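No value in this document is a laboratory result; all are computed from the given coordinates. Just so it is clear, the structure is predicted and the values come from calculations on it, not from any experiment. Reconstructed Cβ throughout: ideal geometry from the backbone, glycine too, with neighbour counts over all protein chains shown.
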Amino acid sequence: MASDPQIEVGLNAAVVAVNGAMPLILTVTSERERMRDGLPFGPFDPSRHRTMEASLRDSVEVQTALKIGYVEQLYTFGDRGRQRHPGEEGPHMISVGYLALTRAEKSSEDRLRNAGARWRDWYAYLPWEDWRDGRPAILDKAILPALTSWAALPEPASPYGKSQSRRTRLRLAFGLDDFPFDEERVLERYELLYEAGLIEEAIEDGNAAGTLTEIQLGQPMRFDHRRIMATALARLRGKIKYRPVVFELMPGEFTLTELQTTVEAISGRHLHKQNFRRLVEGAELVEPTGETIARASGRPAALFRFRRQILDERPAPGLKVGGR
């Protein structure tokens, strides 16, 4: 009679900040994983922490010397093979992923560095998601030709019955033919690349025969951490449209240009300045402080702050940025 499988519960944090026009993800490195970046991680020990969130906060602070603010649970990641242990030896690790938002304070850089952590541009891992300067060249140069060839191959029978064809999933995820590009489909795009064996994690997991493109499709991460990060980015892009979470990434006072730059960094799209300002004013999310800040050229810029009363006035206050 087979023994009951051993299962451990771990906690991963996708900790996000924005510095100017650069969206950041907090990473830690490990010599055992060939110095590959990973997300902060720690086991859940119910004897030490009453809740998983408390355990997560403690693990992040121990590994990175950073206290995180806003936290929400994303998804549970438990696929067999996600840790790349031959024969699945040892306990099977199930990870609960979290999205955490904070501010990248310059004063914390030394503490992060000493703890072996650092902020990285998240588009280094998901370069096809950054449309701020137009359509990413990597799409037409490498991704779409490879995915189109993969989608044309005979499809294996699904054990779960009829499902969407590869071609349909490709059109929906990447906005082909008559479909618009939807910035929230981050995870679907990543999973197509993984299934097609076009990223290094798929090859290492033994889930692909080895069909990498000549161009590296973003920097790989430890285990399935890039999938967890894609899940976090998809959640955040959707969340800013109906909750004021973007202000967790902003200082107490800011200009409307700084707010627009932050929203653009998260959404991966360029926004029309006047349309954005009308959107912010119409949503009544901010209020002027009455102060201004000097700029290198032109008139001083007015300073604003988040208008917290909106939380009592409206059930879903957010910045409903439209499609491109």
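Between R171 and K273, the modelled label-to-label distance comes to 4.0 nm, taking each label 7 Å out from Cα in the direction of the beta carbon.
Cβ-Cβ distance of A283 and M22, R₀ of 22 Å, FRET efficiency by 1/(1 + (r/R0)^6): the value works out to about 0.30.
About the centre of its Cα atoms, the stretch 127-218 shows a dipole size close to 400 debye [charges on the beta carbon of Lys, Arg (+1) and Asp, Glu (-1) only; nearest 20 debye]. Distance between the modelled labels on K320 and Y70, one decimal in nanometres: 1.9 nm (7 Å Cα→Cβ projection).
For the stretch 244-313, the gyration tensor built on C-alpha atoms gives an oblate shape. Its axis ratio a/c (a ≥ b ≥ c) is at least 1.5, and a/b is not larger than b/c. Helix 273-283 and the longest principal axis of the C-alpha atoms of the chain enclose an angle of approximately 90°. Neighbour counts of other Cβ atoms within 10 Å put E201, E188, E287 in the fewest-to-most order E287, E188, E201. By other beta-carbon atoms within 10 Å, ranking S163, S297 with the fewest at the front produces S297, S163. Which shape class, rounded, prolate or oblate, goes with the chain when its Cα gyration tensor gives a ≥ b ≥ c as root eigenvalues, a/c under 1.5 marks rounded, and past that a/b bigger than b/c marks prolate? The shape class here is oblate. Once the Cα atoms are used to define both axes, helix 256-267 deviates from the longest principal axis of the chain by about 10 degrees. Per-residue ellipticity at 222 nm computed for the chain from its helices equals -8000 deg cm²/dmol, with DSSP H segments shorter than 4 residues left out and the rest contributing -39,500 (n - 2.57).
Of R50, R132, R235, the sequence from fewest to most neighbouring Cβ atoms within 10 angstrom is R50, R132, R235. Would you mind checking the tilt of helix 186-195 against the longest principal axis of the Cα atoms of the chain, expressed as 0 to 90 degrees and rounded to 10? With both axes taken from Cα atoms, the answer is about 20 degrees.
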